[in-house]
């Protein structure tokens, strides 16, 4: 276990989210903003679809030779004067990071946005050991004030509105004039920048994530829009890069291809405002940079996905397009998923990382509409991978017994065509007769889930096969 | 051609179609199946409906690969003799076309048969337009309609322009595009029952878009989605007529719309 999960209570979480009017309003922004922007960016680039193929191939190639690229990357980082630490699980990663922070005598640690840091729950660990972690991405800063998890992998505070943020700032920024005007979003931004500027200058260690680790050069790359990542990694004496094993990419040329699909898929930008490359600690000729450069590479269950049905999930470059296009995510938001990664990518990844016994709802809570797969920049077949989880659950009897027995019962009849025709003829005849006058049922036994929200249309009565036999006898092959 | 012509004679003159009627159409709305028969025969096909049950999709999507394979084997055996397999459903056609090969990817005996069936399986409107080259249908229907793109047909089979072009060929029909027509209606098979709260919220949004078009008729190519949307619209007290697109294209709209009463006064 890494951080606390409420994934087992997915249904309850979802029901609460559906009844939250403020959240529902915030979610409608996800729906409109991201989708149109991505589409426009994709339409403007004639080779976008070809780039998606190429991005998929680059990641597949890397995963196939991941051991080699990890070693190559490690030796390059060492050659540039940095240190590489491999962490098998969250606990090891936390301890390594705490050790580096202690060695640096750190009291304050600034952080760029990193989902891996959420995954290992580093903030709580640092706090528990007397070190103050400060999130510097605006969205992450806001949810840190609220003691919440991100609800989206690239827009962590997308579930909130400006009024809520204003309340949080007034609650926490007590040193500022209580009568100040915070009615405009830009005023919130300005205030956060001023507060964070002091933290940047005070920080002893800066922790960032990585979008890519380049084996060819030992470089780590982050893409950001706020510039906070740069200040996090340049100002403190020690920079820690925290990344998972699948962030490896062979060459800078490969990165340039992946960057072309990443921002377009995420925010519809051609490139994010900042794409920052960092290679080792500050060299004598550098104007600035950290004296100590550490990379913590986390496995936490990922290497066990290699060579399995779920290996394709390791291609993910964390753009968020799948959740931006997901009707289920639009309906319930990210927190309902109950752990770090929401939406379709979370529905596949979470069971791999915390166990399908805990996260079993996630791959089931999908209509398999396929919109996620249709926009994934690295063409991960997300519905197919969710289906593989359902297969595991079915094998292990982890599904509700009612679902299992309904599927089995249906299969029993469907495998016996004569019985099927006999039974359906009677059942449909009865339902059709009873429902004939109104044409629908407002309530049906065994179908409460359906009739809670919609009527059940009555069947016409006679089955197709019965009528076909009756009308076309002698004509069928 | 004689009604009693042998299959051998028939093959020389007309493509032989195995109509995969789908279990929902078989059980709930056989008139869609007969509309499909009419459209295929009008397009010059010889239509057959061998004994059939289910393509296996409910098992497949519930993780019961064993049941899915059993049913897929039966479907392959029942339909492989035909020139084409056509279904009035993007979902079931998608199951055969996109997923049967995956279902048998570790079985050298069945895989070639699954691949062969997949290659000749089509959703109804795309078969009419893309294979049979149908450019117009002559059917008595007039009015304004809107159209929902069912997910599997749209994203697994590329069904989008075909039903629209056939509707556009009908003189009396005006198509008003549905906002977010490519977004799921929330049906998702067993999802609608297992996660009914979420499904209810998704179909609520869909019903709102449908109502906003002002069209009195909603069409789509998959009965599951249609029953979901019709059930929601009728629960909300809307009088929008919901039909499978094949019914309109075939001019077979005598049957009450989905979820509508035989006699409107008793609704």
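Derivation of every value follows stated rules applied to the coordinates shown; laboratory data play no part. None of these values were measured; they are calculated from a predicted model. Positions of Cβ are backbone-derived with ideal geometry, glycine not excepted, and every protein chain shown enters the neighbour counts.
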Q. Rounded to the nearest 500, what is chain B's calculated 222 nm mean residue ellipticity when only DSSP H runs of at least 4 contribute -39500 (n - 2.57) each, over all residues?
A. -11500 deg cm²/dmol
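What's the long-distance tail for region A:371-433, i.e. % of Cα pairs beyond 13 Å? Kindly include the intermediate steps, with their values, before the conclusion.
Working: 1446 of 1953 pairs.
Roughly 74 percent, rounded to a whole number.
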**Q.** Calculated Rg and Dmax of region B:113-207 using C-alpha coordinates, Å
**A.** 16.0, 44
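Taking Cα pairs under 8 Å and at least six residues apart, what relative contact order does chain A come out at, in percent? If you can, show how the numbers build up before the last one.
Working: 800 pairs, mean separation 96.6, N = 477.
Once normalised by length, the contact order is 20 percent.
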Q) Which percent, to the nearest 5, of DSSP beta bridges fully inside the protein assembly as shown are antiparallel? A) 20 percent
Q) PRE reach from residue A:418 (point 7 Å along Cα→Cβ): which of region B:42-57 fall under 15 Å by backbone N? A) B:51-52
Q.
Would chain B count as rounded, prolate or oblate if I go by the C-alpha gyration tensor, calling it rounded below 1.5 in a/c and otherwise prolate when a/b exceeds b/c, oblate otherwise?
A. oblate
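If a/c stays under 1.5 just call it rounded; otherwise compare a/b with b/c (prolate if a/b is bigger, oblate if not). Do that for region A:270-365, with a ≥ b ≥ c from the square roots of the Cα gyration tensor eigenvalues. Intermediate results must be reported in sequence, preceding the final value.
Details: a/c = 2.82, a/b = 1.82, b/c = 1.55.
Verdict is prolate for region A:270-365.
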Q: Would you mind checking the tilt of helix A:162-172 against the longest principal axis of the Cα atoms of chain A, expressed as 0 to 90 degrees and rounded to 10?
A: 40 degrees
(Q) Taking just the alpha carbons, could you work out the radius of gyration and Dmax for the protein assembly as shown, both in angstroms? (A) 28.5, 94
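Taking Cα pairs under 8 Å and at least six residues apart, what relative contact order does region A:416-472 come out at, in percent?
On the way: 52 pairs, mean separation 23.1, N = 57.
Relative contact order here is 41 percent.
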**Q.** Descending Cα extents along the principal axes, region A:31-136, whole Å
**A.** 52, 39, 24
Q. Roughly speaking, what is the stretch gain from residue A:40 to residue A:430, that is 0.36 nm per residue apart minus the C-alpha to C-alpha distance, in nm to one decimal?
A. 135.2 nm
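Please find the FRET efficiency linking residue B:77 to residue A:271, where r is the Cβ-Cβ separation and R0 is fixed at 45 Å, and quote it to the nearest 0.05.
Calculated transfer efficiency: 0.25.
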Q. How big is the Rg/Rh ratio for region A:152-283, C-alpha atoms only, Rh by Kirkwood, two decimals?
A. 1.03
Q.
Given bins 10 angstrom wide, list per bin the percent of all Cα-Cα distances in region B:60-160, short to long.
A. 15, 42, 29, 11, 4, 0
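Contour minus end-to-end for residue A:162 and residue A:357, with contour as 0.36 nm per residue of separation and end-to-end as the Cα-Cα distance? Can you show the working numbers first?
Details: separation 195, 0.36 × 195 = 70.20 nm, distance 3.73 nm.
Roughly 66.5 nm would be gained on extension.
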Q: Please work out the Kirkwood hydrodynamic radius for region A:416-472, using every pair of different C-alpha atoms, and report it in angstroms with one decimal place.
A: 12.3 Å
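Please give the contour-minus-distance gain from residue A:251 to residue A:471: 0.36 nm per residue of separation, less the Cα-Cα distance, rounded to one decimal in nm. Let's see the in-between values first.
Values: separation 220, 0.36 × 220 = 79.20 nm, distance 6.74 nm.
Difference between extended and current length: 72.5 nm.
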Q. Dividing the alpha-carbon Rg of region A:326-477 by 2.2 N^0.38 Å yields what?
A. 1.36
Q.
Only Cα pairs within less than 10 Å get springs; with that Gaussian network setup on chain B, which residue of B:148, B:244, B:48 has the largest fluctuation?
A. B:48
Q: With a ≥ b ≥ c taken as the square roots of the eigenvalues of the C-alpha gyration tensor of region B:135-266, please select rounded if a/c is under 1.5 and otherwise prolate if a/b is larger than b/c or oblate if it is not?
A: oblate
Q) Rounded to the nearest 500 deg cm²/dmol, what is the calculated helix-only ellipticity per residue at 222 nm for chain A, with -39500 (n - 2.57) per DSSP H run of length n ≥ 4? A) -15500 deg cm²/dmol
Q. Say we join alpha carbon atoms closer than 10 Å with springs in a Gaussian network model of chain B; which of B:161, B:121, B:13 then has the biggest fluctuation?
A. B:13
Q | Spread of Cα-to-Cα distances over 5 Å intervals beginning at zero, given as percent, for region A:84-163 | A | 3, 14, 26, 23, 17, 11, 4, 2, 0
Q) Taking the alpha-carbon set of region A:57-303, what are its Rg and Dmax in Å? A) 18.0, 59
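Grab the eigenvalues of the alpha-carbon gyration tensor for region B:7-130, scale each by 5, take roots, and send me the semi-axes largest first in whole angstrom.
Details: eigenvalues 112, 57, 27 Å².
The three semi-axes for region B:7-130 are 24, 17, 12 Å.
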